[in-house]
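Below is one structure, written out as structure tokens; comments come after it.
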Amino acid sequence: MDAHIETRIDIIRQHLIDPEICIRCNTCEETCPIDAITHDGVNYVVNAEVCNGCMACVPPCPTGAIDNWRNVVRSEAYSVDDQFGWEALPAQNEEVDAPVEVPAQNEEAPVASDTVRGSTVAPWSAARPYVQLYTHKAPALATVVGNYRLTDAAAPSDIRHIVLDFGALPFPVLEGQSIGILPPGTSADGRAHHVRQYSIASPRDGERPGYNNLSLTVKRVQREDSNGSGNGVCSNYLCDLQKGDVVTVIGPFGNTFLMPNHPDSHLLMICTGTGSAPMRAMTEYRRRRRATGETGKLMLFFGARTRGELPYFGPLMNLPKDFIDTNLAFSRTPGEAKRYVQDAMRERADDVAQLLGDGNTHVYVCGLRGMEDGVMQALESIARSHGLDWPALWEQLRREGRLHLETY
Ligand code: A2P
């Protein structure tokens with residue numbers, strides 16, 4: 001064999017994740033059809049021995065951290081352990097030639113639409129989002145202007161509504177987008193805490209209309225990782241913030257989980273706990289525009305352990321019944337049977353089916369990872385029992401940017 005060609009075959013285009021940009025949302029690991037992506041308490045990494053370059057993980061990544069590649073000699077590919085130790089991507093070794101062509105491994109790889117359950121495109125009428133205006137290297141600073149407990153004082157969960165103001169700094173957002181918060185300090189190994197992602201709970205025109213502010217829905221996490229570094233660091237930091245404190249923010253992120261602007265579009269929203277943040281943002285946006293004669297329907301399924309643990313319970317109950325069709329599901333109310341959002345959806349099957357059959361309907365699911373299967377099964381059984389061709393409908397919803405899933 002020609003020596004020149006042999007050298008080139010030994011070079012691979014290694015898929016890597018940028019730890020400086022990654023917001024640890026787990027989307028890539030969930031999406032990868034062959035389990036090539038994994039994580040520790042700090043980094044998400046790609047196993048070069050497993051990755052086949054299928055690209056399924058690339059479109060769903062909200063930050064673009066996933067779309068990084070280095071040409072490396074195959075035998076010197078960065079190991080998973082190498083990548084766990086990184087704080088930044090290594091530079092491209094210029095002595096390693098680019099492969100003549102992308103390795104044949106891409107052939108016959110599954111395409112994203114075969115592996116991703118939800119849409120990887122935004123609704124056609126969604127506004128165009130700004131993404132990544134602020135980064136680790138050049139973050140934004142926001143001032144805390146409010147921090148209110150949303151759950152009952154007696155409830156075990158401490159869920160808070162935190163309002164951040166950007167002053168004169170441009171920070172344009174849309175409902176459904178998220179931001180990253182950089183908590184101060186370092187973990188046990190001396191490395192800076194990594195960024196945490198939070199969905200925005202307020203509409204594009206501000207938590208307070210006309211103000212350059214936004215809100216987050218944050219649940220205080222009380223457990224600790226085994227290495228002492230992880231879970232709860234950022235949520236406790238945020239939940240303890242006082243008015244006037246300054247927070248370091250990156251983002252915004254997200255260009256698919258967005259609401260349609262078309263006034264006749266219907267929103268079918270299904271959430272648990274803090275997954276209510278984007279639903280509140282979308283609902284509040286529509287509420288503010290109600291007087292403009294929008295005809296689209298809003299139907300909400302919202303699950304929590306008990307009434308006292310349901311964030312935004314009071315404001316939600318005050319919304320007019322002809323504006324939003326609200327269905328609550330409580331799983332731990334003493335003396336009552338456990339009820340999940342998917343149970344409530346089945347109880348309202350006729351109305352859910354009617355919405356599903358309407359080409360103006362957009363479906364949003366946000367909350368606990370475990371709910372995703374249950375909700376998808378409920379959608380399927382409701383569709384089938386009402387004579388809808390579920391595989392075709394599912395594919396259509398996905399293709400048209402009308403099925404958005406964000407679970408964690
Ligand atoms: P559960 O009582 O079984 O934990 P959390 O308070 O932990 O954020 O949860 C919000 C709600 O989501 C709770 O009512 C919780 O019920 C419920 N939940 C838990 N697992 C699922 C699931 N697989 N599908 C739907 N809801 C779920």
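The values are calculated or read from the model by the stated rules, or taken from the named source; none is laboratory data. Nothing here was measured: the structure is a model prediction, and the numbers come from that model. Don't worry about glycine lacking a Cβ; one is built from the backbone with ideal geometry, like all the others, and counts go over all protein chains shown.
Here are a few things to note about the model shown:
- Elements of type strands (runs of 3 or more DSSP E) in segment 293-408, at least 1 residues being within 15 Å of the ligand (Cβ to nearest atom), out of contact with any Pro (no Cβ under 6 Å at 6 or more places or on another chain) and modelled with pLDDT under 95: 403-407
- PRO263 in contact with an Asp or Glu (Cβ under 8 Å, 6 or more places away or on another chain), over 16 Å from ASN147 (Cβ atoms) and buried (at least 17 other Cβ atoms within 10 Å of the Cβ): no
- Flag for GLY275 being part of a helix (DSSP H, G or I), crowded, with 17+ Cβ neighbours inside 10 Å and under 21 Å from the mean Cα position of the chain (by Cα): yes
- With respect to being within 10 Å of the ligand (Cβ to nearest atom), in a helix (DSSP H, G or I) and closer than 21 Å to LEU216 by Cβ, THR283 falls outside the description.
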